[in-house]
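Input: a single structure, listed below in structure tokens.
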Amino acid sequence: MKTQILSSLFALVLIATGCNSNKQTNIESQKTVTMELSNKQKAIAVIESLETGDKTAVSYINPQKYIQHNLAVGDGLEGFGQVLANAPEGGFKAKVVRAFEDGDYVFLHNEYDFFGPKAAFDVFRFEDGKIVEHWDNLTQITPPNPSGRTQLDGTTTITDTDKTAANKALVKGFIDDVLINGKNEKVTDYVSTSQYLQHNSAVADGLDGLGAALKYFAENGLVMEYSKVHKVLGEGNFVLTMSEGKFGKGDQVAYYDLFRVEDNKIVEHWDIIENIPAESEWKNSNGKF
């Protein structure tokens, strides 16, 4: 359905109008000014065009270079077109909940109805104002967790943009020390003891909730192992890490963790865990990371 929408996956109108007045007696002139959008605005437009079908979005993609890391999708724009050709009746739904920019990268926290309701992180890399690479993690929408929080709710306000580098270092230290190297005694060096809001579907707020989840895994022979951090992206008080490891019964997974930092402590967490399929099932050769 909607072939025109399917062929225009990524788009937004770049043209904005502005006026320039020449203060001469009884004479006014106007001229059109082309305003270049930020990379963040372009990435948001890309996602929103899934629902709106805005035909200009494709102009934000480099047609000669579009590296795809969703392993269920073929490389380049052609791969997306093949997936979207199977869109359900009524098309897709897409909403950007949070949007962040870090250098050449934009990372988004999104809500989809994309072959069923899903929460997702999408990461785009730009070169010369064009999208050239894409990563994502998706999971089904689930009921609220034991603390009543959902996978997508919570604050969206970006603050402390002057502390981006320090906040990225803090989160990287937490992943390395606690999640990779198992130094659980250091958890309070990184995570607030007074406020830790949790959006994982199965975990309650606070360090007690995290501890209960880890205890359940241990008692039931399940694993939650982080082996390598591939990317740490941030803007102000929000930091996203993209890691690999094992989960559950030992499945290879990609961990996408979004943290909110306040006063040099982690105070809120969202995540999406997605299985990495066997290489024989990949529809591109770029790898998950």
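The values are calculated or read from the model by the stated rules, or taken from the named source; none is laboratory data. None of these values were measured; they are calculated from a predicted model. We place every Cβ from the backbone using ideal geometry, glycine too, and count neighbours over all the protein chains shown.
So that you can scan it fast, the table gives a plain yes or no per residue for (1) assigned to a helix (DSSP H, G or I); (2) surrounded by 17 or more Cβ atoms within 10 Å (Cβ to Cβ):
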| site | (1), (2) |
| --- | --- |
| 63 | no, no |
| 70 | no, yes |
| 87 | no, yes |
| 99 | no, yes |
| 115 | no, no |
| 134 | no, yes |
| 147 | no, no |
| 159 | no, no |
| 162 | yes, no |
Among the candidates 168, 65, 118, residue that is of a type outside the set (A, V, I, L, M) and in the same structural domain as residue 261 (by TED's automatic domain parsing):
168
Positions within the stretch 68-79 being of a type in the set (A, V, I, L, M, F, W, C) and either farther than 18 Å from residue 274 by Cβ or in contact with a Phe, Trp or Tyr (Cβ under 7 Å, 6 or more places away or on another chain) (or both), in sequence order:
71, 73, 77
